1. Mind checking whether some residue in segment 109-123 is in a strand (DSSP E or B) and within 24 Å of Pro21 (Cβ to Cβ)?
2. What number goes with the only condition from (1) under 23 Å from Leu15 (Cα atoms); (2) in contact with a Pro (Cβ under 7 Å, 6 or more places away or on another chain) that Val143 does not pass?
3. Working carefully through the options Val69, Val22, Val98, find the one that is within 13 Å of the ligand (Cβ to nearest atom) and surrounded by fewer than 17 Cβ atoms within 10 Å (Cβ to Cβ).
4. Working only within segment 117-162, note down all residues that are at positive phi and within 17 Å of the chain's Cα centre (by Cα).
5. So which residues in segment 132-158 are more than 13 Å from Gly81 (Cβ to Cβ) and open to solvent by 80 Å² or more (accessible area, probe 1.4 Å), if there are any at all?
6. Considering only segment 37-59, state which residues are surrounded by fewer than 13 Cβ atoms within 10 Å (Cβ to Cβ) and assigned to a loop (DSSP other than H, G, I, E, B).
7. Could you tell me whether segment 37-57 includes any residue that is in contact (Cβ under 8 Å) with a residue 40 or more places away in the chain, over 16 Å from the mean Cα position of the chain (by Cα) and within 16 Å of the ligand (Cβ to nearest atom)?
8. Name the residues in segment 93-111 that are small (Gly, Ala, Ser) and either at pLDDT below 95 or closer than 25 Å to Phe149 by Cα (or both), would you?
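The values are calculated or read from the model by the stated rules, or taken from the named source; none is laboratory data. Nothing here was measured: the structure is a model prediction, and the numbers come from that model. Glycine gets a Cβ as well: all are built from the backbone with ideal geometry, and neighbour counts include every protein chain shown. Quick note on the areas: whole protein, heavy atoms, side chains included, nothing else; ligands and nucleic acids left out. Shrake-Rupley method; radii C 1.70, N 1.55, O 1.52, S 1.80 Å.
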Amino acid sequence: MRLRDVEPADLDAYLRMRGDPVMMTELGGPQSPDRIAGQLERDLDTVRADSAWIKMIITGGSARVAGTVTLYAHGDISEIGWMILPEFQGRGLAGEAVRAVLGLARADGRWGLIHAFPSTTNAASNAICRSAGFALLGEEQTVFAGRVFQTNHWVFDPAAHA
Ligand SMILES: CC(C)(COP(=O)(O)OP(=O)(O)OC[C@H]1O[C@@H](n2cnc3c(N)ncnc32)[C@H](O)[C@@H]1OP(=O)(O)O)[C@@H](O)C(=O)NCCC(=O)NCCS
């Protein structure tokens, strides 16, 4: 597994992730191709400005995109999120990629506390938070894409994992 910054050629992977009703079940539902293309443009801009990390997960020897991990400032907090394409799920890739990004964040030092808000029903994402060293603050309702989700609020302190 390796990580690289998002590129314009990642539109296909974006469409497959964000346009997929199953993958987007707990992320507000599938998005339109226009909206997804707009998101990619904004993500490319934030990476050029170095104001967010939008990392694509690349597997093994191939150059294939398996998923993505994002870390961005959201209001006054830093928030991390992740997605793995269906054919790459269940191999530990999300956990490995999230731990790698947390390691980069620790070395970088700018992010402060890192928050994650998986749905309470998202067993794999909650397992990732637990095993990566996040602390569970409790449940809260989170508005995502205009819908309200019951989420767990996890927080990771990079400084405490130095
Ligand atoms: C959630 C998602 C990222 C998991 O990706 P993945 O690569 O299959 O996850 P991993 O193989 O790294 O497994 C992560 C952990 O979840 C556990 N897990 C996986 N599937 C599980 C399940 N159905 N029930 C319980 N635990 C599960 C694994 O054992 C592993 O636990 P560990 O960290 O303690 O070893 C992927 O299914 C996905 O992209 N889903 C759609 C989008 C989404 O929900 N994104 C997250 C929003 S917060």
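1. yes
2. (2) is the only condition that Val143 fails.
3. Val22
4. Within segment 117-162, Gly133, Ala145 meet the criteria.
5. Those that are more than 13 Å from Gly81 (Cβ to Cβ) and open to solvent by 80 Å² or more (accessible area, probe 1.4 Å): Leu136, Leu137, Glu139, Gln141, Val143, Arg147, Val148.
6. Ala49, Asp50, Ser51
7. no
8. Ala94, Gly95, Ala97, Gly109
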